[in-house]
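A quick write-up on the structure given underneath.
The values are calculated or read from the model by the stated rules, or taken from the named source; none is laboratory data. Given the structure is predicted, the values throughout are model-derived calculations rather than measurements. In this analysis, Cβ positions are derived from the backbone assuming ideal geometry, glycine residues included, and neighbour counts consider all displayed protein chains. Remember, those area values only see protein heavy atoms, side chains included, never the ligands or the DNA or RNA. Shrake-Rupley method; radii C 1.70, N 1.55, O 1.52, S 1.80 Å.
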Amino acid sequence: MRILEIKKVEDCFDGSSVYSYRFDVAWTRESIRRLDSLGELEYFPDFPRPFFRLLGSGGLQVKGVEGETSCRVIFPRKDMTEIKQAFEESFP
């Protein structure tokens, strides 16, 4: 998966930043499961729209739906630049 587009969506009241990431291919079961290397992955394949949520170190949160080409990422205020860079480097 390659990142095609990054859009800043909003700033949360706690100072964290929310971004939307669009990829060149849709999320698959396999690509979702590979996220477990970044933190604690929750995957709900039996939902009508299979949903995943990742809770990474430092407060990183990733949420998305299997079959879509985008996901929402919340970066914490503290160490945001480093955490954002590490996340983006996961998708060469």
* Identity of the residue in segment 1-46, of a type in the set (Ser, Thr, Tyr) and over 13 Å from the mean Cα position of the chain (by Cα), that ends up modelled with the highest pLDDT -> Thr28
* Condition check for Ser31: surrounded by 12 or more Cβ atoms within 10 Å (Cβ to Cβ) and free of Cβ contacts under 8 Å to residues at least 60 places away in the same chain -> yes
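Is it true that Arg72 is at pLDDT 95 or above, in a strand (DSSP E or B), farther than 15 Å from Lys7 by Cα and open to solvent by 40 Å² or more (accessible area, probe 1.4 Å)?
On the way: at pLDDT 95 or above: yes; in a strand (DSSP E or B): yes; farther than 15 Å from Lys7 by Cα: no; open to solvent by 40 Å² or more (accessible area, probe 1.4 Å): yes.
Criteria not met by Arg72.
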* Structure fact -> Scanning segment 40-59 residue by residue, the ones that are open to solvent by less than 60 Å² (accessible area, probe 1.4 Å) and within 22 Å of Glu10 (Cβ to Cβ) total 6
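Out of Arg77, Arg29, Arg72, Arg34, report the one residue that is basic (Lys, Arg) and in contact with a strand residue (DSSP E or B) (Cβ under 7 Å, 6 or more places away or on another chain). Steps first, please.
Numbers: Arg77 fails: in contact with a strand residue (DSSP E or B) (Cβ under 7 Å, 6 or more places away or on another chain); Arg29 fails: in contact with a strand residue (DSSP E or B) (Cβ under 7 Å, 6 or more places away or on another chain); Arg34 fails: in contact with a strand residue (DSSP E or B) (Cβ under 7 Å, 6 or more places away or on another chain).
Exactly one of Arg77, Arg29, Arg72, Arg34 is basic (Lys, Arg) and in contact with a strand residue (DSSP E or B) (Cβ under 7 Å, 6 or more places away or on another chain), namely Arg72.
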* Out of Val18, Val62, report the one residue that is in contact with a Cys (Cβ under 8 Å, 6 or more places away or on another chain), assigned to a strand (DSSP E or B), free of Cβ contacts under 8 Å to residues at least 40 places away in the same chain and open to solvent by less than 90 Å² (accessible area, probe 1.4 Å). => Val62
* Among the numbered conditions (1) open to solvent by less than 50 Å² (accessible area, probe 1.4 Å); (2) hydroxyl-bearing (Ser, Thr, Tyr); (3) in a helix (DSSP H, G or I), tell me where Ser37 comes up short. => (1)
* Asked: Cβ-Cβ below 7 Å, separation at least six or inter-chain, first residue in segment 71-90 and on the phi > 0 side of the Ramachandran plot, second surrounded by 12 or more Cβ atoms within 10 Å (Cβ to Cβ): which pairs?
  -> Asp79/Gly58
* **Subset of segment 50-69 that is at pLDDT 95 or above and over 10 Å from the mean Cα position of the chain (by Cα) - its residue that is farthest from Gln85 (Cα to Cα)** => Pro50
